[in-house]
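First comes the structure, then the notes that go with it.
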Amino acid sequence: MGKGGSVGADDERVQAICDAIRVIPDFPKPGIQFQDVTTILLDPTAFKHTIDLLVERYQGQKVDVVAGFEARGLIFGAPLAVALGCAFVPLRKPGKLPGATLSEEYVTEYSTDRIEMHVGAVQAGQRVVLVDDLIATGGTLRAGLDLVKKAGGNVVEAAAVIDLGLGGRQKLPEDLPLFVIVEKQLDE
Ligand code: AMP
């Protein structure tokens with residue numbers, strides 16, 4: 001497995017997934033082209049393709065933990081963890097996790113937020129894959145990297161279903177390679 005990357009251009013599954021994404025203009029605020037992945041979930045073939053591509057990427061990579069970001073990273077991350085036979089760790093918005101937490105603040109395309117992870121969910125030295133639905137500025141994935149590092153884990157790679165093409169990928173630190181399924185153009 002190379003560092004970061006995309007699905008091969010000749011893989012027909014990518015177009016099927018791309019076609020299943022609904023774009024809602026001006027949500028949650030004016031100027032945001034919201035990429036609605038709930039329409040992938042309505043299409044069992046597109047949803048299966050998405051999970052299959054993630055599984056193909058990470059099987060055999062000795063992944064100990066898949067960590068998914070609330071909310072939509074949970075949807076794609078949990079089936080990946082089941083398929084890989086590894087642990088799943090939810091990275092949640094503040095105040096949602098009942099146990100003691102580690103936390104990290106971050107900035108998204110339209111908000112400032114914080115993510116939390118249960119203390120002990122990731123053990124020192126574990127190999128972790130971060131999963132989210134989308135990368136915009138890259139702030140969320142960076143916060144996930146910092147959170148996993150706080151716990152002593154090693155991030156193997158981050159995976160996003162969609163890259164919005166806002167340059168977030170280029171701004172990720174060296175030790176956070178990114179794997180993307182659908183590369184969006186800014187006018188899409
Ligand atoms: P960022 O941290 O800026 O890379 O933003 C990525 C996070 O914000 C992901 O968890 C996305 O679910 C959400 N997000 C940001 N922009 C959009 C968008 N245009 N459509 C859907 N989700 C978005």
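Just so it is clear, none of the values below were taken in a lab; they were calculated from the coordinates. The model shown is predicted, which means the values in this text are computed figures rather than measured ones. So basically every Cβ, Gly included, is an ideal-geometry build from the backbone, and we count neighbours across all protein chains shown.
Some observations on this one:
- Dividing the helix sum by the residues of the chain, where each DSSP H run of 4 or more adds -39500 (n - 2.57), gives a mean residue ellipticity at 222 nm of -8500 deg cm²/dmol.
- Converting phi to 3J(HN,Hα) with the Karplus coefficients 6.51, -1.76 and 1.60 and the offset θ = phi - 60°, the range 127-133 yields 8, 10, 10, 8, 10, 9, 6 Hz in sequence order, with x at every glycine or proline.
- Binning the alpha carbon pair distances of the range 4-183 at 10 angstrom intervals from zero yields the distribution 10, 40, 38, 12, 0, expressed in whole percent.
- Legend: calculated FRET efficiency, residue 111 to residue 6, from the Cβ-Cβ distance at R0 = 25 Å, rounded to 0.05, equals 0.40.
- Restricting the trypsin sites (Lys or Arg not before Pro) of the range 48-133 to loop positions (DSSP other than H, G, I, E, B) with no more than 16 neighbouring Cβ atoms within 10 Å leaves 62, 96.
- Inter-probe distance in nm under a simple model that places probes 7 Å from Cα toward Cβ, at residue 29 and residue 16: 3.8 nm
- Antiparallel DSSP beta bridges within the chain, percent to nearest 5: 35 percent
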